[in-house]
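The values are calculated or read from the model by the stated rules, or taken from the named source; none is laboratory data. Given the structure is predicted, the values throughout are model-derived calculations rather than measurements. A quick note on method: Cβ atoms are made from the backbone with ideal geometry, for glycine too, and the neighbour counts reach across all protein chains shown. What goes into the accessible areas is simple: the full protein's heavy atoms, side chains included, and nothing from ligands, DNA or RNA. Shrake-Rupley method; radii C 1.70, N 1.55, O 1.52, S 1.80 Å.
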Amino acid sequence: MRHYLTIAILLSVLNNQVLFSQTPTLSEKAQISVLTCSSGDELFSAFGHTAFRVQDPVLGIDVVYNYGTFDFDKPNFYLNFAQGKLIYSLSRRSFEAFLYTYQLEKRWVKEQVLNLTAKQTNELFRFFEQNHRPENRDYPYDPLFNNCSSITGDVLERHLDDDINFKASHLKESSTFRQLVHKYIPINSWGAFGIDLAFGGITDQKASARQHMFLPYYTMYQLRNTELSGEDIVMRERTILNYPEKSDQSTFLTSPLFWFCILLAFTVAITLLDKKHQGRNRWLDFGLFFISGLAGFIVLLLWVATDHVVTNQNFNFLWLLPTNIIVSFYLLTKKQLPLWLTKYLWAALGLVGLSLIFWVFRVHVLSPINIPLMGTLGVRYLFLLKKI
């Protein structure tokens with residue numbers, strides 16, 4: 001069965017290539033719809049997906065324009081991602097090939113057919129074809145402000161001008177970008193921990209109804225509450241693939257909070273032993289200072305040395321001091337602690353407190369998962385002060 005389906009998909013792709021050698025004029029029966037796909041198991045698919053579908057039964061066209069295409073095998077993919085220079089592309093696939101992926105992953109797919117005139121349909125179709133040209137299809141990706149879902153609103157606004165009205169009455173409360181992310185990734189997960197560590201204070205700003213559309217589910221909700229020339233932009237909606245929503249399969253024993261609490265307990269135990277025996281575990285100090293300093297250095301780099309927007313105003317480096325890297329080697333190699341370390345440790349404790357103040361006043365919201373880590377560093381800072 002799968003063999004025959006693969007052949008059908010290949011034939012469909014070849015047929016589409018022939019059809020689009022020149023952009024045809026769509027018939028009166030053509031329609032354009034927005035496809036929303038549910039969350040997947042991988043972190044990059046945890047928020048779902050959005051794409052455009054163009055159908056014309058007269059011309060035999062049924063293709064999906066997908067702004068969420070990326071290639072792990074591209075040269076310097078991970079380096080470009082770290083620098084905020086990740087390039088995504090618009091791809092065009094047959095609807096059968098697109099749907100086949102979600103059938104394999106058992107993810108639901110819903111379709112919203114747009115209430116467009118024949119002229120608007122053809123204008124959008126020509127735009128997709130023009131945008132799909134090799135010289136036009138690539139674009140700089142941003143997870144919050146320029147992704148496969150937010151582009152949906154951009155495309156509709158660009159081609160439907162002032163006739164489109166994105167209403168906000170469907171939103172029961174105003175949320176920040178960070179709060180919206182947490183609705184799809186549990187706070188006590190490694191993915192959320194990494195995201196919260198990398199995201200800066202800019203993500204703690206309230207998102208407008210239009211900005212909610214960086215999430216595919218909210219794009220679907222928004223289209224239900226959008227008007228075009230005074231009428232609902234969604235002509236009809238249906239479920240194409242019906243699978244249950246993916247659920248979080250992780251347990252507390254595998255969560256970051258559990259392991260960070262273990263680290264805190266371990267640090268407290270070693271510190272009590274050090275105090276009892278009038279000693280100092282140099283490897284513990286080295287590990288804590290080096291790893292925290294390295295994390296702080298990366299956080300600071302993401303803010304000042306990359307093109308990422310979401311990492312701006314990231315004050316996590318205040319409690320994850322980058323200079324801890326240098327201090328870690330002093331703590332490892334020097335049995336007698338230098339006197340200047342006293343002022344340094346007081347400053348480090350003060351910056352931990354400042355980070356908490358920033359959290360209270362929502363300058364930069366910290367993840368609760370950070371509390372055991374901050375406590376771990378605080379315990380060792382205080383011990384070293386007394387040791388000196």
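For segment 148-205, enumerate the residues that are among the acidic types (Asp, Glu) and closer than 30 Å to residue 127 by Cβ. Quick ask: steps written out before the conclusion?
Taking segment 148-205 as the starting set, the residues that turn out to be among the acidic types (Asp, Glu) are 154, 157, 161-163, 173, 196, 204.
Correct list: 154, 157, 161, 162, 163.
Can you work out which of the residues in segment 190-212 that are open to solvent by 70 Å² or more (accessible area, probe 1.4 Å) and not in a helix (DSSP H, G or I) is nearest to residue 32 (Cα to Cα)? Walk me through it before giving the result.
Of segment 190-212, the ones open to solvent by 70 Å² or more (accessible area, probe 1.4 Å) are 190, 205-206, 211.
Narrowing further to those that are not in a helix (DSSP H, G or I): 205-206.
Details: 205: 33, 206: 31 Å.
Among residues in segment 190-212 that are open to solvent by 70 Å² or more (accessible area, probe 1.4 Å) and not in a helix (DSSP H, G or I), the one nearest to residue 32 (Cα to Cα) is 206.
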Response to the item:
Of the residues in segment 311-341, those that are touching a residue at least 60 places away in the same chain (Cβ under 8 Å) and either more than 21 Å from residue 376 (Cβ to Cβ) or surrounded by fewer than 18 Cβ atoms within 10 Å (Cβ to Cβ) (or both) number 3
Discussion item. Please go through segment 241-254 and give me each residue that is open to solvent by less than 70 Å² (accessible area, probe 1.4 Å) and touching a Phe, Trp or Tyr at 6+ places or on another chain (Cβ under 8 Å), ordered by number.
Written reply: 241, 243
Discussion item. Can you confirm whether residue 55 is at pLDDT 85 or above, of a type outside the set (Ser, Thr, Tyr), open to solvent by 20 Å² or more (accessible area, probe 1.4 Å) and closer than 19 Å to residue 127 by Cβ?
Written reply: yes
Response to the item:
From the option list 41, 62, single residue qualifying as of a type in the set (Asp, Glu), in contact with a helix residue (DSSP H, G or I) (Cβ under 9 Å, 6 or more places away or on another chain) and surrounded by 14 or more Cβ atoms within 10 Å (Cβ to Cβ) is 62
Worksheet item: Can you pull out the residues in segment 355-388 that are touching a helix residue (DSSP H, G or I) at 6+ places or on another chain (Cβ under 7 Å), aliphatic (A, V, I, L, M) and closer than 23 Å to residue 263 by Cβ?
Response: 365, 366, 369, 373, 374, 377, 379, 384, 385
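Being of a type in the set (Asp, Glu), under 13 Å from the mean Cα position of the chain (by Cα) and modelled with pLDDT of 95 or more narrows it down to one of 204, 196, so name that one. Reasoning before the result, please.
Numbers: 204 fails: under 13 Å from the mean Cα position of the chain (by Cα).
When all the criteria are applied, what remains is 196.
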